[in-house]
Number of protein chains: 6
Amino acid sequence: MNNRLDDFQAYRSRMNKRILEIGNRGIKRFFNLDTMAYKDGALDTKTKEMLGLVASMVLRCNDCIDYHVLGCVDAGCSDAELSEVFNVALVVGGSIVIPHLRHAVESLDLYKGNAQPENE
Amino acid sequence: MNNRLDDFQAYRSRMNKRILEIGNRGIKRFFNLDTMAYKDGALDTKTKEMLGLVASMVLRCNDCIDYHVLGCVDAGCSDAELSEVFNVALVVGGSIVIPHLRHAVESLDLYKGNAQPENE
Amino acid sequence: MNNRLDDFQAYRSRMNKRILEIGNRGIKRFFNLDTMAYKDGALDTKTKEMLGLVASMVLRCNDCIDYHVLGCVDAGCSDAELSEVFNVALVVGGSIVIPHLRHAVESLDLYKGNAQPENE
Amino acid sequence: MNNRLDDFQAYRSRMNKRILEIGNRGIKRFFNLDTMAYKDGALDTKTKEMLGLVASMVLRCNDCIDYHVLGCVDAGCSDAELSEVFNVALVVGGSIVIPHLRHAVESLDLYKGNAQPENE
Amino acid sequence: MNNRLDDFQAYRSRMNKRILEIGNRGIKRFFNLDTMAYKDGALDTKTKEMLGLVASMVLRCNDCIDYHVLGCVDAGCSDAELSEVFNVALVVGGSIVIPHLRHAVESLDLYKGNAQPENE
Amino acid sequence: MNNRLDDFQAYRSRMNKRILEIGNRGIKRFFNLDTMAYKDGALDTKTKEMLGLVASMVLRCNDCIDYHVLGCVDAGCSDAELSEVFNVALVVGGSIVIPHLRHAVESLDLYKGNAQPENE
């Protein structure tokens, strides 16, 4: 039942808690801004999660990709919609994005139960 | 009447034509892929232009920002929607994005006629 | 008497004012966080401005470099100290930083009146 | 006998197949463009693989580095030639490239059988 | 007793030795420049290690972060000082830095014995 | 007769001289390493200039692109060879490279006298 997404989420929760314990006010406020940026507003959460995903892919951050792939699925993105986000990321960012596209597709499969968990 | 957006568009057209004259097949095909990536599909052009804009902002490319700011306005993005795209870009990309946020807002003002053209 | 630093500061002030007029709460708060990050704390402003400068140089953002070169001088950095910040940026970021090192040194000269203003 | 290069190649094949199953036409075409870019033309494959390697190193993508290190060896690059590609990458990209230089040299050793496989 | 910092240091030493065996003069000299950049000068090692850390964080290189977190602790940085370096990195580099902030804080805890070693 | 390449070369010479006057030993040595990296060795200057060009394009640095476009032409690269370097840069780096491809092609035209100088 356990896979790398569960490990990532556990690590993420544990370390975010640890970071907030440090007590730096600027860091705390930044974390709040980050959370608020994806709330429904003039744009809905689904659109904002797709914005977060494409930004994470062109900046090539796997942990950020995982976070927003899950956010996109939870906000109701279809596979066809996600594939078009992936395509924009690939065209804008180039072949250097391909390893992160592999990661994104694997995360999507793991989250939706399409694939057996395998170590990367 | 003339401003830096007009100069950019003229330069862009002239040089893209020049690039395609080179006759490299890979480059031509890439230009086609780039154009197709923003066409209506599972996601509409408006959403895809916002994806292109946020990617351009976090990668900090002013010419790409101009291209997608205009695309977003043409596709019907409201100012409130654009401000939320800007906010996601700022939070994901950090203060290093601020000079490009200034550029994006100035381009938006120039395109919508909110501002007198001024040299940057 | 006028030089590109004056132009930059005027443009920066005008556009930051314009950005805050947009009224996006996340963007406003981000601007506050950015300002606060360089205030005296466990580290003094001088050290933090040097941190901002080296980060701006390796991320290759000329506007950010100008902002922090001026901040470093105002906070009392000597030329010898600045040259060591430049060296760390160059070693960490590589030759791709060199055009920005030229920009930084020119900005420093302009700000300290060591050089006649010239168009870049 | 098994090492991280074998794991990478198996993962790469499996996930590329999975990506193409998604059926997004833009992504498929991009993959074709990527393959074609390294074929013999005005420049031979050996030169193009070195171009791909230096680009991968300065953009700091380990999977891309592995792909092109193997491509360079297969195309006939000598160790002396590869060390000069590494040096250009290091000078252009700076010390931030060093962890990826370690990865590249380890991959080279693994591929040529110079080293015992070890977990990184 | 063993944790990922020990593994990193062993790997780093082994591969740096291997890289220098290659005998490329440019690479050797670059490694010397890199070492010298953090020696006491107009700025002391403590300040320079903080410069190296913030640069590594905004460029998002975990191995470089580990190297400079340890250097900062060894040079006498307090936790409060390090948290302000982290905050500057976060504000300059944005949320894309957060996974590397988690890594930096975990490395700090491991090095200072505040945490039980856990696999990331 | 004057164009932006001449301006760039004059600015580059003036500021490099100014940087070396600062007298920082690390910076001086870095400039030497940078020069040496493109000298004939196991790979010839022509190949190394192409490596420098593709690295400059994917890192999106116009001044570095100009430097290496001129170096490539001087080392004997044909237009067909340069177009394949451009294509590798475009595929690896994505559409974000396109503005820099326009710059590179314009620089090439200016240097070879194919185009009338125009302000960008």
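A few remarks follow.
- Any hit, region E:93-101, residues being in contact with a helix residue (DSSP H, G or I) (Cβ under 8 Å, 6 or more places away or on another chain) and more than 14 Å from chain B (Cβ to nearest Cβ): no
- Boolean, A:ASP74 is of a type in the set (D, E, K, R) and surrounded by fewer than 21 Cβ atoms within 10 Å (Cβ to Cβ): yes
- Hits in region F:56-67 - residues which are facing chain D (nearest Cβ under 10 Å) and either surrounded by 24 or more Cβ atoms within 10 Å (Cβ to Cβ) or out of contact with any Pro (no Cβ under 9 Å at 6 or more places or on another chain) (or both): F:SER56, F:MET57, F:VAL58, F:LEU59
- Residue tally, condition more than 7 Å from every other protein chain (Cβ to nearest Cβ) and touching a Cys at 6+ places or on another chain (Cβ under 8 Å), over region A:68-89: 1
- Hits in region D:78-106 - residues which are surrounded by fewer than 24 Cβ atoms within 10 Å (Cβ to Cβ) and under 23 Å from D:LYS39 (Cβ atoms): D:SER78, D:GLU81, D:LEU82
- The set of residues in region A:5-55 that are at the interface with another protein chain (Cβ under 7 Å from one of its Cβ atoms), crowded, with 24+ Cβ neighbours inside 10 Å, under 15 Å from the mean Cα position of the chain (by Cα) and not β-branched (Val, Ile, Thr) comprises A:LYS48, A:MET50, A:LEU51, A:GLY52, A:ALA55.
Bear in mind that the values in this text are calculations on the coordinates, not laboratory data. Note that the coordinates shown come from a computational prediction; the quantities given were computed from them, not determined experimentally. Because the Cβ atoms are built from the backbone with ideal geometry, glycine has one as well, and the counts that use them run over all protein chains shown.
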